[in-house]
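S.K.: Here it is, the structure, as structure tokens.
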Amino acid sequence: MIASPEIDAVAVVVRVPSHYEPTKAALEAGKHVYCEWPLGRTTAEAEELARLAEAKGLVTAVGLQARVNPALMYLKELVAAGYVGEMLAVHVKLMREGVLARPSHRTWQRDAALGANTLTIANGHTIDAMRFVVGDIARLSAVVSTQAKQWLDTGSNIWLDVTSPDNILTIGRLRSGAVVSVHIGAIPYAGSGYLMEIYGRDGTLIEEGEDSAQLNEVALRGAQNSNTLVPIVVPDRFTVAGPDTPAGEALNVGQMYTLLARAIRNGRGGQPDFETAVELHRLVDGIKQASDTGREVSFA
């Protein structure tokens, strides 16, 4: 397929440990690439792929779909336009249930070395959505923990040892000076879902949903110089996917492919690319480093 002159772009949507080889082969063949997140099993793999894409002059996209969620795009615009004024504090949480058991085809994720776990995926997507809206983290402290040290393989009914983390707590400061706290957890039962709270001198913005903004619909509420939160309607102009694209999980994926196509055609699409992925890989590494050393990590 990669050798075919009829193919302009390749989508790499296999499991994380297998992202590197097909992505590299496609880039070397001169194909534009959309790769799911994480871009590589390690930051080194992601950096190599980003350098190769740049050297080849190719258009890339990485599957950080929260960045093309219409509600997130509007939330980012509201913050930039001063809806909350000077940002003072940001809090984000995502609590998902079901950490104690997995079907056999999903138990491979128990191995932290394979790069697909709560730290890299749920935390990666969610903290990236936050930094997309409110800006980058300047410094942070963190706790990365494996609270459930065994999973039940529901296919074999065997308990398996787990090294992948399931609870990630990050606190720090944004480059803007606002304080930030993030808790991403995979817990046994009745997860409370997703929440992003942005508090400023002039107002408050809230984003919430049953799950993260990566592939799910979320609702916005806001208050300006008031203690009463009111619903905020997302303008249609933020939906760029084709009119036949289904709502829900498919919409954000459709948004990403639409923006990728625009970038291939005219050089500008606005989609998250491999450089975006490398930045996030380094942030996730910083969170792990802060937890391992017990010391604050700063970012240039």
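The values are calculated or read from the model by the stated rules, or taken from the named source; none is laboratory data. What you see is a predicted model; the values in this text were computed from it and never measured. Using ideal geometry, Cβ is built from the backbone for each residue, glycine included, and neighbour counts are taken over all protein chains shown. Note: areas computed on protein heavy atoms with side chains; ligands, DNA, RNA excluded. Shrake-Rupley method; radii C 1.70, N 1.55, O 1.52, S 1.80 Å.
S.K.: Scan segment 251-287 for residues that are in a loop (DSSP other than H, G, I, E, B) and either farther than 21 Å from LEU58 by Cβ or open to solvent by less than 10 Å² (accessible area, probe 1.4 Å) (or both) and jot them down.
M.R.: Within segment 251-287, PRO272 is the sole residue that qualifies.
S.K.: Scan segment 216-229 and give yes if some residue there is under 17 Å from the mean Cα position of the chain (by Cα) and closer than 17 Å to VAL92 by Cβ, otherwise no.
M.R.: Yes, segment 216-229 contains at least one residue that is under 17 Å from the mean Cα position of the chain (by Cα) and closer than 17 Å to VAL92 by Cβ.
S.K.: If you don't mind, another one. For ALA26, all conditions in the list (1) aliphatic (A, V, I, L, M); (2) within 20 Å of the chain's Cα centre (by Cα); (3) within 17 Å of ALA263 (Cβ to Cβ) hold save one; what is the number of the exception?
M.R.: (2)
S.K.: From the residues in segment 193-249 that are of a type in the set (D, E, K, R) and within 24 Å of GLU86 (Cβ to Cβ), which one is surrounded by the most Cβ atoms within 10 Å (Cβ to Cβ)?
M.R.: Here the residue is GLU207.
S.K.: State whether one or more residues within segment 160-169 are surrounded by 15 or more Cβ atoms within 10 Å (Cβ to Cβ) and in contact with a Gly (Cβ under 6 Å, 6 or more places away or on another chain).
M.R.: yes
S.K.: Read through the list (1) in contact with a strand residue (DSSP E or B) (Cβ under 8 Å, 6 or more places away or on another chain); (2) surrounded by 19 or more Cβ atoms within 10 Å (Cβ to Cβ); (3) under 27 Å from VAL68 (Cβ atoms), then give the number of the only condition that HIS125 fails.
M.R.: Checking HIS125 against (1) in contact with a strand residue (DSSP E or B) (Cβ under 8 Å, 6 or more places away or on another chain); (2) surrounded by 19 or more Cβ atoms within 10 Å (Cβ to Cβ); (3) under 27 Å from VAL68 (Cβ atoms), the one that fails is (1).
S.K.: Among the candidates VAL84, VAL90, which residue alone is modelled with pLDDT of 95 or more and in a strand (DSSP E or B)?
M.R.: When all the criteria are applied, what remains is VAL90.
S.K.: May I ask you to list the residues in segment 226-244 that are over 26 Å from GLY200 (Cα atoms) and among the polar types (S, T, N, Q)?
M.R.: THR239
S.K.: Select from segment 13-59 the residues that are within 20 Å of LEU283 (Cα to Cα) and assigned to a loop (DSSP other than H, G, I, E, B) and write down the one among them that is most open to solvent (accessible area, probe 1.4 Å).
M.R.: Per the criteria, the residue is ARG41.
S.K.: Quick test for you: out of VAL143, VAL99, pick the one residue that is in a loop (DSSP other than H, G, I, E, B), farther than 30 Å from ALA261 by Cβ and of a type in the set (A, V, I, L, M, F, W, C).
M.R.: Testing whether each residue is in a loop (DSSP other than H, G, I, E, B), farther than 30 Å from ALA261 by Cβ and of a type in the set (A, V, I, L, M, F, W, C) leaves just VAL99.
S.K.: Quick check on segment 180-201. Is at least one of its residues on the phi > 0 side of the Ramachandran plot, in contact (Cβ under 8 Å) with a residue 60 or more places away in the chain and more than 16 Å from the chain's Cα centre (by Cα)?
M.R.: Yes, there is a match, as at least one residue in segment 180-201 is on the phi > 0 side of the Ramachandran plot, in contact (Cβ under 8 Å) with a residue 60 or more places away in the chain and more than 16 Å from the chain's Cα centre (by Cα).
S.K.: When you scan segment 141-149, do you find a residue that is in contact (Cβ under 8 Å) with a residue 12 or more places away in the chain and buried (at least 21 other Cβ atoms within 10 Å of the Cβ), even just one?
M.R.: yes
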